[in-house]
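Encoded as structure tokens, the structure appears first; notes follow it.
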Amino acid sequence: MPIKDCKIKKTVLIKNKDLVNLYGCTIDDYSKVGPFVEIQKNVIIGKKCKISSHSFICEGVKISNYCFIGHNVAFTNDKYPRATNKDLSLKNNKDYKMLNIFLEKNVSIGSGSVILGGVRIGENSIIGAGSVVTRNVKKNSIYFGNPAKFIRKI
Amino acid sequence: MPIKDCKIKKTVLIKNKDLVNLYGCTIDDYSKVGPFVEIQKNVIIGKKCKISSHSFICEGVKISNYCFIGHNVAFTNDKYPRATNKDLSLKNNKDYKMLNIFLEKNVSIGSGSVILGGVRIGENSIIGAGSVVTRNVKKNSIYFGNPAKFIRKI
Amino acid sequence: MPIKDCKIKKTVLIKNKDLVNLYGCTIDDYSKVGPFVEIQKNVIIGKKCKISSHSFICEGVKISNYCFIGHNVAFTNDKYPRATNKDLSLKNNKDYKMLNIFLEKNVSIGSGSVILGGVRIGENSIIGAGSVVTRNVKKNSIYFGNPAKFIRKI
């Protein structure tokens, strides 16, 4: 069952309910979620956000109102990911320090971008397509590149 | 319904019809479309093209005959994407200037690449995997990198 | 049918069997495969690996035990991909030289990375998110960037 244990307002638009994987997340009024999107537990998405196709939003991410997430965007929450612990047992959620990500209101993330755990992106800022965001992003700014750098004020 | 209002020739091969999202697009003879692909309305794809898994092709893209699109490729058509307008109403198709992309014949786009709106890619050229194409690409050339730069003639 | 002709051990966890495309691959005990994953024929995946959502693993890839593959990761096996041969016939598997990729044990590949064909990644190494791996990676090392460069020993 691809939508499970979520708090999704009735006004949220998910056109292809059979082609998403959402569990334990919260999505507020009038937001849209495209196909081939995975959103993990405890993610919070505000009002009037657009989550485009093929994006992955991990636990630890909070997205404020009016944010745009492009296609093929990946958020991460583990700086040194591993499949197993040192004793070769499978890693669980409690076996690593989860890094949070916070998007202030009206942020746009261009398609194909990757956002590293621990980052805060300031309101109104735009991340250009294909960027890798490794540090905090100031508000009202355009960042671009791998790693993403300040380009100019909006 | 994941395939809707399309003009797709009978010789087109879509192995996993339940795992794509195609609407309002045109695909010519003998092309192939992989799983987890989204193709938006008014996209035109020529003959004998290969559209690999996980790729996203937005409105405004025209792909000529014999083109190869790798896996996880994203096309974009909006330079400054936003979820909402300044009055906080949800953005519609008519609320932004759509930038077209044109691939001439026999172009190859490597996996994981991002193609920015407004770009034209010349015939026979190859974009190396993981590139971000921000400008026009000359014909018979290899480009690579973020942003993609001219590497050599073919 | 999205899982076909595979040798998958009973202890392997695939939560969303309707949202993957696996064919002709081998997956060993206790590994996990996320949604929107494609794994091609002849791929071999070891024990206790984690293959995260939206990743694409092509023919020619061998992944040893305890490896972590992030989200939106793409492997490639063709240096100069084309949709057609010079006579404009559709390209088949026998029409190009397949380049293999080998991940030694306990390798981690960060989300959004692209791995080029012909590469070997040494044991315990970590590829940072959003990297493009174009050359061999030494063991016990962190690499990052496009193209991925040596950052430091672990």
What do you get for trypsin sites (Lys or Arg not before Pro) in region A:22-110 restricted to DSSP loop and a cutoff of at most 12 other Cβ within 10 Å of the site's Cβ?
A:Lys86, A:Lys97
Take every residue in peptide C:3-15, count the Cβ atoms of other chains within 10 Å of its Cβ, and give the average of those counts.
0
Label C:Lys153 and A:Lys97 with points 7 Å out from Cα along Cα→Cβ: what is the distance between them in nm?
2.3 nm
By average C-beta atoms within 10 angstrom, highest first, the peptides C:70-78, A:23-31, B:107-115, B:146-154:
B:107-115, C:70-78, A:23-31, B:146-154
What does DSSP give for the protein assembly as shown in terms of the percent of beta bridges that are antiparallel, rounded to the nearest 5?
10 percent
Computed on Cα atoms only, the convex hull of chain B has an orientation-averaged projected area in nm² of 8.9 nm²
For the protein assembly as shown, take the alpha-carbon Rg, divide it by the Kirkwood Rh, and send me Rg/Rh.
0.93
Give me the distance in nm between label points sitting 7 Å out from Cα along the Cα-to-Cβ direction at B:Arg120 and B:Lys7, one decimal.
2.3 nm
Can you give me the orientation-averaged projected area of the convex hull built on the Cα atoms of region C:1-67, in nm²?
3.5 nm²
Write down Rg/Rh for region B:64-154, rounded to two decimals, with Rg from the C-alpha atoms and Rh from the Kirkwood relation over Cα pairs.
1.07
Long-range amide H contacts for C:Ser141: which residues qualify at under 5 Å (H placed 1.01 Å from N, peptide plane, sequence gap of 5 or more or a different chain)?
C:Ser125, C:Ile126, C:Ile154
Least to most buried among C:Glu59, C:Glu38 (fewest other Cβ within 10 Å first):
C:Glu59, C:Glu38
Can you figure out the FRET efficiency of C:Lys17 with B:Lys79, using R₀ = 41 Å and their beta-carbon distance, to the nearest 0.05?
0.55
For region A:54-60, in order, what is each residue's ³J(HN,Hα) by Karplus, 6.51 cos²θ - 1.76 cosθ + 1.60 with θ = phi - 60°, in whole Hz (x at glycine and Pro)?
6, 8, 10, 10, 8, 3, x
Partner chain Cβ atoms within 10 Å, averaged over the residues of A:75-81 - can you pull that number for me?
6
Using the alpha-carbon centroid of each, what span in Å lies between region C:79-149 and region A:76-117?
22 Å
Determine the shielding of peptide C:34-46 by partner chains: average, over its residues, the number of Cβ atoms on other chains within 10 angstrom of each Cβ.
3
Can you pick out the pairs among B:Lys48/B:Lys153; A:Lys48/A:Lys138; A:Lys4/B:Lys62; B:Lys105/C:Lys50; A:Lys4/A:Lys91 whose Cα atoms lie more than 32 Å from each other?
A:Lys4/B:Lys62; B:Lys105/C:Lys50
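Every read-out reported here was derived from the displayed coordinates using simple, explicitly stated rules and does not represent laboratory data. Just so you know, these numbers come straight off a predicted model, no measurement behind them. Don't worry about glycine lacking a Cβ; one is built from the backbone with ideal geometry, like all the others, and counts go over all protein chains shown.
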